[in-house]
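K.L.:
The structure's right below; bear with me while I get my questions together.
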Amino acid sequence: MQILEKDYQNNSVSKAINAGKNSIIALPTGGGKSICILKLCQAMSDKNVVVSLRNAALIPQLLHTLTSNGLTVSVVKSGYKYVAGGDVTLVMEQSFARRKHLNIKCDVLLRDEYHVGCMGGVYIAMREELSPDLIIGLTATPIDRLGVYIDQSMNLIEETTTKQLIELGELAKPVYKVPSLSQEIDYSAVKMYRGDFSVSGLDCILLEHCSLVAQQTIDDALSQGRKVMLFANSIKHVEALSEAFNLLDVQHEFVHSQRANSDNDESIRRYKSNEVRLIINMSMLTIGFDDPTTDCVVLARPTKILRLYLQIIGRCLRASKGKTNALILDLAQCISTHGFAEDYRDFTRKTAKSAAIMSERLSVTNIGQFVDGEFSYDESIERKIVKRKPASARKKTRPRLVASKELVDRAASNRAATLIRLNPRMEKFVSTIELVNIVYEQQDESSKMLDEVGMVKIVALIGFAYSDSLVDSCTKLVEMLHAQNQSIRGLLLRVSNLITAIAKQELATSV
């Protein structure tokens, strides 16, 4: 089996071996982690190398890659006969505890999909038992659920990005579509759990839209000849979507954890062999699933987890003969939350507060210009540049503002009174916001917090229209939102609307 090595793969391997400490190799989905594992095993042939896996589906694939390139492999997993003495030992992590008696020697531990369970007890117990001299993890997303770098004790090696691999033709070029359906659903009332929407809360909304999702998938993907992976929210959602496609007479397969393994395996086989062109799943195919002919993913569930979003869209980005592009069909406001596949992301964020996409991205404020049409990353960046009309084109003259002496005196009086009254009431208002922020941060609900820039804008806005009742109303508004476990991130708009309502009321009473 001939391996076509890439510079970024060789550089990643060299840096990991020469780092002098434990490392994580970050490679985009489709970047060739199996090839890096092979090169690491070949380069350290004098060491006892153990490769730890959490996804059983990866074992046959990796076993074939290693053995076809001259390495002997011992496999520790139920269903495989263990033969000691291989150049490399493949270990199914969940099987290791029952096979400690094998006394496996380990100088170097390689762990695929390092972000999954790397802080869990199963992996930690195995690592302590094997006691390797060097650990090298491999993953496309070296971050936790909150976007924080997964293991601060390990060196990060990132020799390429998704954008670079797309430009090189190593990955398929994504095109994006955001149907108007996705913008009409309100998720603001859904409670959060461990940094993401609660599954049951989402189901209450998503189960009502299954027929619309099915029809949109047909119109935008299946009718265009695309091969589609649809990502749902729950087992109940998977089955409801399957029923919706059945009603539309669309052949498809679905997988979830409550089906028999043999049934799931048969569904995956039929999909990979192109007997059907649609497969619905909840989370089973998010990590480690490899089918390069897939050229569309449908996001039928929203998520606040950047790592999950990147893993999902990566399922359709693998290059394949005859594949011109890959459609990311967003039915759940994911693009406006997390941006594009091509965005550069700084994976070294050390706190949840600092974890962010460090690049240009599509935002909620301009998503309307893309609704219902396919577009690319480059087009989105171009459309974000607002071209101002030349001054000469503005022919309309605005009437000059004229203020009476009475209005000027009243404004001056209000400003003087404001300076006297501003501090104590505003201090209570700001303190209330800070307290709510602290509570949400402790609950891992940072998405509900108001940032410092927003705080400054609100204080400035209230300062211009100050009144005792206004500040008291704003304070009560924050307390009410917190009592209902709602986000205060959109507080600026709420305060602005409150000021407008008060102003209208004062105008009505003065007439």
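The values are calculated or read from the model by the stated rules, or taken from the named source; none is laboratory data. Remember, predicted model here, so these are calculated numbers, not experimental data. Don't worry about glycine lacking a Cβ; one is built from the backbone with ideal geometry, like all the others, and counts go over all protein chains shown.
K.L.:
Taking the condition touching a residue at least 12 places away in the same chain (Cβ under 8 Å) and in contact with a helix residue (DSSP H, G or I) (Cβ under 8 Å, 6 or more places away or on another chain), does Leu90 pass?
P.N.:
yes
Conditions (1) in a helix (DSSP H, G or I); (2) modelled with pLDDT under 95, marked per residue:
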| residue | (1), (2) |
| --- | --- |
| Glu5 | no, yes |
| Ser12 | yes, no |
| Gly30 | no, yes |
| Ser45 | no, yes |
| Leu62 | yes, yes |
| Gly70 | no, yes |
| Leu90 | no, yes |
| Gln94 | yes, yes |
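K.L.:
Something else about it: For Ile35, are the conditions met, namely being modelled with pLDDT of 95 or more, surrounded by 17 or more Cβ atoms within 10 Å (Cβ to Cβ) and not assigned by TED's automatic domain parsing to the domain that holds Gly314?
P.N.:
No.
K.L.:
Quick one: how many residues across region 264-306 are surrounded by fewer than 23 Cβ atoms within 10 Å (Cβ to Cβ), charged (D, E, K, R) and within 15 Å of the chain's Cα centre (by Cα)?
P.N.:
1
K.L.:
Six or more apart or on different chains, Cβ atoms under 7 Å: show the pairs whose first residue is in region 45-67 and under 18 Å from Leu109 (Cα atoms) and whose second is among the β-branched types (Val, Ile, Thr) and in a loop (DSSP other than H, G, I, E, B).
P.N.:
Every condition considered, the pairs that remain are Val50/Ile104; Arg54/Val116; Asn55/Ile287.
K.L.:
Spot the failing condition for Asn18; the list is (1) farther than 18 Å from Asp112 by Cα; (2) of a type outside the set (Gly, Ala, Ser); (3) surrounded by fewer than 15 Cβ atoms within 10 Å (Cβ to Cβ); (4) touching a strand residue (DSSP E or B) at 6+ places or on another chain (Cβ under 9 Å), and only one is missed.
P.N.:
Condition (4) is where Asn18 drops out.
K.L.:
Counting just the residues of region 97-127 that are over 31 Å from the mean Cα position of the chain (by Cα) and in a helix (DSSP H, G or I), which one comes out surrounded by the fewest Cβ atoms within 10 Å (Cβ to Cβ)?
P.N.:
His101
K.L.:
If I filter region 174-194 for residues that are outside any loop (DSSP other than H, G, I, E, B), assigned by TED's automatic domain parsing to the domain that holds Gln369 and among the acidic types (Asp, Glu), do I get at least one hit? Explain how you work it out, then say what you get.
P.N.:
Initial filter on region 174-194 (outside any loop (DSSP other than H, G, I, E, B)): 174-177, 180-183, 192-193.
Going one step further and asking which of them are assigned by TED's automatic domain parsing to the domain that holds Gln369, we end up with 174-177, 180-183, 192-193.
Checking the rest, the ones that are also among the acidic types (Asp, Glu) come to none.
Within region 174-194, none of the residues are outside any loop (DSSP other than H, G, I, E, B), assigned by TED's automatic domain parsing to the domain that holds Gln369 and among the acidic types (Asp, Glu).
K.L.:
For Ala26, are the conditions met, namely being in contact with a Pro (Cβ under 7 Å, 6 or more places away or on another chain) and among the small types (Gly, Ala, Ser)? Spell out the reasoning first.
P.N.:
On the way: in contact with a Pro (Cβ under 7 Å, 6 or more places away or on another chain): yes; among the small types (Gly, Ala, Ser): yes.
Against the criterion (in contact with a Pro (Cβ under 7 Å, 6 or more places away or on another chain) and among the small types (Gly, Ala, Ser)), Ala26 qualifies.
K.L.:
So which of Thr161, Thr141 ends up being at pLDDT 90 or above, surrounded by fewer than 20 Cβ atoms within 10 Å (Cβ to Cβ) and farther than 24 Å from Ser45 by Cβ?
P.N.:
Result of the check over Thr161, Thr141: Thr161.
K.L.:
Do we find a residue being β-branched (Val, Ile, Thr), without any contact (Cβ under 8 Å) to a residue 40 or more places away in the chain and surrounded by fewer than 17 Cβ atoms within 10 Å (Cβ to Cβ) anywhere in region 462-477? Explain how you work it out, then say what you get.
P.N.:
Narrowing region 462-477 to residues β-branched (Val, Ile, Thr): 462, 471, 475.
Going one step further and asking which of them are without any contact (Cβ under 8 Å) to a residue 40 or more places away in the chain, we end up with 462.
Of the ones still in play, those that are also surrounded by fewer than 17 Cβ atoms within 10 Å (Cβ to Cβ) are none.
Among the residues of region 462-477, not one is β-branched (Val, Ile, Thr), without any contact (Cβ under 8 Å) to a residue 40 or more places away in the chain and surrounded by fewer than 17 Cβ atoms within 10 Å (Cβ to Cβ), which makes the answer no.
K.L.:
Now a separate question. Of all residues being of a type in the set (Asp, Glu) and closer than 22 Å to Asn325 by Cα in region 206-241, which is surrounded by the fewest Cβ atoms within 10 Å (Cβ to Cβ)? Just the residue, please. Spell out how you get there, then give the answer.
P.N.:
Let us first name the residues in region 206-241 that are of a type in the set (Asp, Glu), namely 208, 219-220, 239.
Still in the running and closer than 22 Å to Asn325 by Cα: 219-220.
Numbers: Asp219: 12, Asp220: 20.
This residue is Asp219.
K.L.:
Against the condition at pLDDT 80 or above and more than 13 Å from Thr432 (Cβ to Cβ), how does Leu477 come out, does it pass?
P.N.:
No; evaluated as a whole, the condition is false for this residue.
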